[in-house]
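Peer 1: Dropping a structure here in structure tokens format, bear with me for questions.
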Amino acid sequence: MKKWECTVCGYIHEGDEPPEECPICSADKSMFIEIIEEQQPVQEQSASEQPASPAPPVVESTFFARVSAFASEQIFRHHLHPIAVHTPNGVLPMAFIFLLMTFLFGFPLFETAAFYSLIFVVLTMPAVIFTGYEVWQKRYRGAMTSIFRIKIGASIVTVSLLCVLILWRAIQPEIMTTASTGRWIYLLLATILVGAIGLAGHVGGKLVFGSRNN
């Protein structure tokens, strides 16, 4: 039985042919390569018989390139993207619950807590987006399959709704504490926001925890 590896997410498929579509990242079959089993090692040659290794190419290093390489290394070494995404994934559902408590019981302090929670999340989004972009480019080769389109789209919706809700609340502070049609719309947008961040987290988890077929 042959083994095929997805070059985007690392999923391993066993069969005579690669699958038409990767079940993890939705890459098509052209992105699969066959895994060739290692052959028995040949007898080692003496140092004099071995061909000389070619000298590594000389690449001109710039300050920006060094900084970029260092940042990328730290993102992968310390798993900064998974750490960063836990902030919106944890705080936004809490903010939604605070808004819901205000809507149902009229607690203004919960609404204030929700407002500052949204501000806190939007301030963390640059780190989430930057680390996510680095992981997408380096680990997944910038592949634009359906799962990455969903994740990018959900992220765009999240950032857009965060800005809308924060600006709306800043312009109309009583939006959630007084009965009006706007209050219903505000709560609906908050519901979509939580759904978007949940969707982004779901597909991200699929990539991380479903990337190997053991």
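Peer 1: So what's the net charge close to I83: Lys and Arg +1, Asp and Glu -1, counting the other residues with Cβ under 15 Å from its Cβ?
Peer 2: 0
Peer 1: To the nearest 10 Å², what's I12's accessible area with a 1.4 Å probe?
Peer 2: Rounded to the nearest 10, that gives 30 Å².
Peer 1: Related question: If you take the beta carbon distance between S160 and M94 as r and set R0 to 22 Å, what does 1/(1 + (r/R0)^6) give as a FRET efficiency, to the nearest 0.05?
Peer 2: 0.60
Peer 1: Treat each spin label as a single point 7 Å out from the Cα along the C-beta direction, and report the E34 to R139 distance in nm.
Peer 2: Placing both labels 7 Å beyond Cα along the Cβ direction yields 3.0 nm.
Peer 1: Given the protein chains as shown and a 1.4 Å probe, how many square angstrom of F76 are accessible, to the nearest 10?
Peer 2: Its heavy atoms expose roughly 60 Å² to the probe.
Peer 1: Okay, moving on. For K29, tell me the accessible area in Å² from a 1.4 Å probe, rounded to the nearest 10.
Peer 2: For K29, solvent-accessible area is about 80 Å².
Peer 1: Continuing with this model, one more query. I'd like the distance separating the alpha-carbon centroids of region 1-19 and region 91-156, in whole Å.
Peer 2: The distance from the Cα centre of region 1-19 to that of region 91-156 comes to 34 Å.
Peer 1: Accessible area, 1.4 Å probe, largest first: how do V91, V8 sort?
Peer 2: V91, V8
Peer 1: Tell me the Kirkwood hydrodynamic radius of region 166-206 in angstroms, computed as one over the mean inverse distance between distinct C-alpha pairs.
Peer 2: 11.5 Å
Peer 1: For the full complex of protein chains and a 1.4 angstrom probe, list W4, W168 by accessible area with the highest value first.
Peer 2: W168, W4
Peer 1: I need the calculated FRET efficiency for the pair K2 and F76, taking r as the beta carbon distance and R₀ as 30 Å, to the nearest 0.05.
Peer 2: Computed FRET efficiency for K2 and F76 comes out at 0.50.
Peer 1: Once Lys and Arg get +1 and Asp and Glu get -1 on their Cβ, which of S155, V194, T181 lies farthest toward the positive end of the dipole of the chain?
Peer 2: T181
Peer 1: So, one more: Considering only protein heavy atoms and a probe of 1.4 Å, how much of the accessible area of region 57-149 is carbon and sulfur, as a whole percent?
Peer 2: Solvent-exposed carbon and sulfur of region 57-149 make up 73 percent of the total.
Peer 1: Can you give me the accessible area per residue for region 157-197, using a 1.4 Å probe, in Å²?
Peer 2: 50 Å²
Peer 1: Something else now. List the lysines whose Cα sits under 21 Å from the Cα of K2, skipping any in the same chain fewer than 8 residues away.
Peer 2: Within the straight-line limit of under 21 Å, K2 reaches these lysines: K29.
Peer 1: Still on this structure: Using a simple spin-label model with points 7 Å from Cα along the Cα→Cβ vector, what separation in nm is obtained for V208 and L187?
Peer 2: Once both label points are built, they end up 3.2 nm from each other.
Peer 1: Hey, another quick one. Taking a 1.4 Å probe, which of L92, L123 shows the most accessible area, and what order do the others take after it?
Peer 2: L123, L92
Peer 1: Taking the Cα centre of the chain as the origin, how large is its charge dipole in debye, to the nearest 20, when only Lys and Arg (+1) and Asp and Glu (-1) carry charge on their Cβ atoms?
Peer 2: For the chain, the charge dipole is close to 960 debye.
The values are calculated or read from the model by the stated rules, or taken from the named source; none is laboratory data. What you see is a predicted model, and the numbers here were worked out from it, not measured in a lab. Methodologically, a virtual Cβ is constructed for each residue, glycine included, from the backbone with ideal geometry; neighbour enumeration extends over all protein chains shown. With ligands, DNA and RNA removed, areas are computed over all heavy atoms of the protein, side chains included. Shrake-Rupley method; radii C 1.70, N 1.55, O 1.52, S 1.80 Å.
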